[in-house]
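All remarks here apply to the structure that follows.
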Amino acid sequence: TSRSPLLEFSSVHAHYGPVEALKAVTVQVYEGEIVSLIGANGAGKTTLLSSIFGTPRASSGSILHRGEDISRTPTNMISRRGISLVPEGRQIYQEMTVEENMMMGTTPVGMQHFETDRTTMFELFPRLKERRNQVAGTMSGGEQQMLAIARAMMARPQLILFDEPSLGLAPLVVKRVFEVLREIATMGKTIFLVEQNANHALKLSQRAYVMVNGRIHLSGDSAALLDNEEVRKAYLGLH
Ligand code: ATP
């Protein structure tokens, strides 16, 4: 059966001034999938996610969401379409409490589901329930990552974008983050995951793309990429 992608980058180019950060990037994410994008620092992974929100705008090519070109759509309208980002470095509101951060997450959809969704998030993250009134900036990196995820989920996204959710976290916490991503997929969300932790990302996802220097260098089933000699050498530290 041929179905159209939920999200599709089609030959997207993007620039920072004279620097071309994305070069003819074509990527598809289908509903219900977990797709990962791996690559070295500076390859352009964050830029690809940001281009969905128009920073930078695609200078050519198209970004289709449910078949509609969103490459010129204002940022606030993107989140209202059911696309949520868990940004690199968490970007939580440090001075606000856990609950206030979660409240901020409802912006695209309003407060009518706040209590139901908060309960769901507190079941997923019991730690956040315990710390609901704590000032977010005083929590550990792992707790802040969980909060960033909970906040993004409060917008009731259909598609959730993760930018390096495991960055800077201890191995046990990294393991927990990836378990949470799996649970979120089970909740019916489509996941597009940017990671430098290629091993975890490829084990979680069904399909993956490898970005080098602003281009998609390899793509395919994650299991096949885990076995790919070049991927093993360059991204998994194996021989
Ligand atoms: P990281 O793992 O560090 O997030 P990345 O793969 O996400 O790496 P990007 O952050 O997308 O890479 O960067 C892609 C390229 O664009 C790099 O060469 C980077 O230096 C450049 N770049 C990123 N942001 C800007 C900016 N705001 N202004 C100018 N150049 C930028």
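Table for the structure above
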{"item": "Student exercise, the chain dipole from Lys, Arg, Asp, Glu Cβ charges, in Debye to nearest 20", "result": "100"}
{"item": "Counted charge near His15, where neighbours are those whose Cβ lies closer than 12 Å (Asp, Glu -1; Lys, Arg +1)", "result": "+1"}
{"item": "Degrees between helix 141-153 axis and first principal axis of the chain (Cα, 0 to 90, nearest 10)", "result": "90"}
{"item": "Qualifying aspartates and glutamates (Cα of each under 13 Å from Cα of Lys189; at least 8 residues distant if same chain)", "result": "Glu31, Glu33"}
{"item": "Listed residue (Pro165, Gln145, Thr116) projecting farthest to the positive dipole end of the range 100-171, Cβ model", "result": "Thr116"}
{"item": "Degrees separating the helix 171-186 axis from the principal Cα axis of the chain, which is the longest one", "result": "90"}
{"item": "Protection proxy ranking, peptides 222-230, 23-31, 96-104, 187-195, average beta carbon neighbours within 10 Å, highest first", "result": "187-195, 96-104, 23-31, 222-230"}
{"item": "Under 14 Å, Cβ to Cβ, from Ser79 - net charge with Lys/Arg +1 and Asp/Glu -1", "result": "+4"}
{"item": "Burial order of peptide ranges 146-154, 165-173 (average beta-carbon count within 10 Å, highest first)", "result": "146-154, 165-173"}
{"item": "Segments 131-143, 3-15 sorted - mean Cβ within 10 Å per residue, highest first", "result": "3-15, 131-143"}
{"item": "Surface accessible to a 1.4 Å probe, per residue, for the residues of the range 1-71, Å²", "result": "42"}
{"item": "Lys, Arg +1 and Asp, Glu -1 on Cβ, resulting dipole of the range 160-235 about Cα centre, debye, nearest 20", "result": "80"}
{"item": "Mean shadow area of the chain over all directions, Cα convex hull, nm²", "result": "13.2"}
{"item": "Rounded D (µm²/s) - the range 1-67, Kirkwood Rh over Cα pairs, Stokes-Einstein at 10 °C, 1.306 mPa s", "result": "128"}
{"item": "Expected-Rg normalisation [2.2 N^0.38 Å, Cα atoms] applied to the range 48-152", "result": "1.19"}
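The values are calculated or read from the model by the stated rules, or taken from the named source; none is laboratory data. Values in this document were obtained by computation on a predicted structure and should not be read as measured data. No Cβ is skipped: glycine too gets one built from the backbone with ideal geometry, and neighbour counts run over all protein chains shown. Protein only, heavy atoms only, side chains kept; ligands, DNA and RNA dropped before computing areas. Shrake-Rupley method; radii C 1.70, N 1.55, O 1.52, S 1.80 Å.
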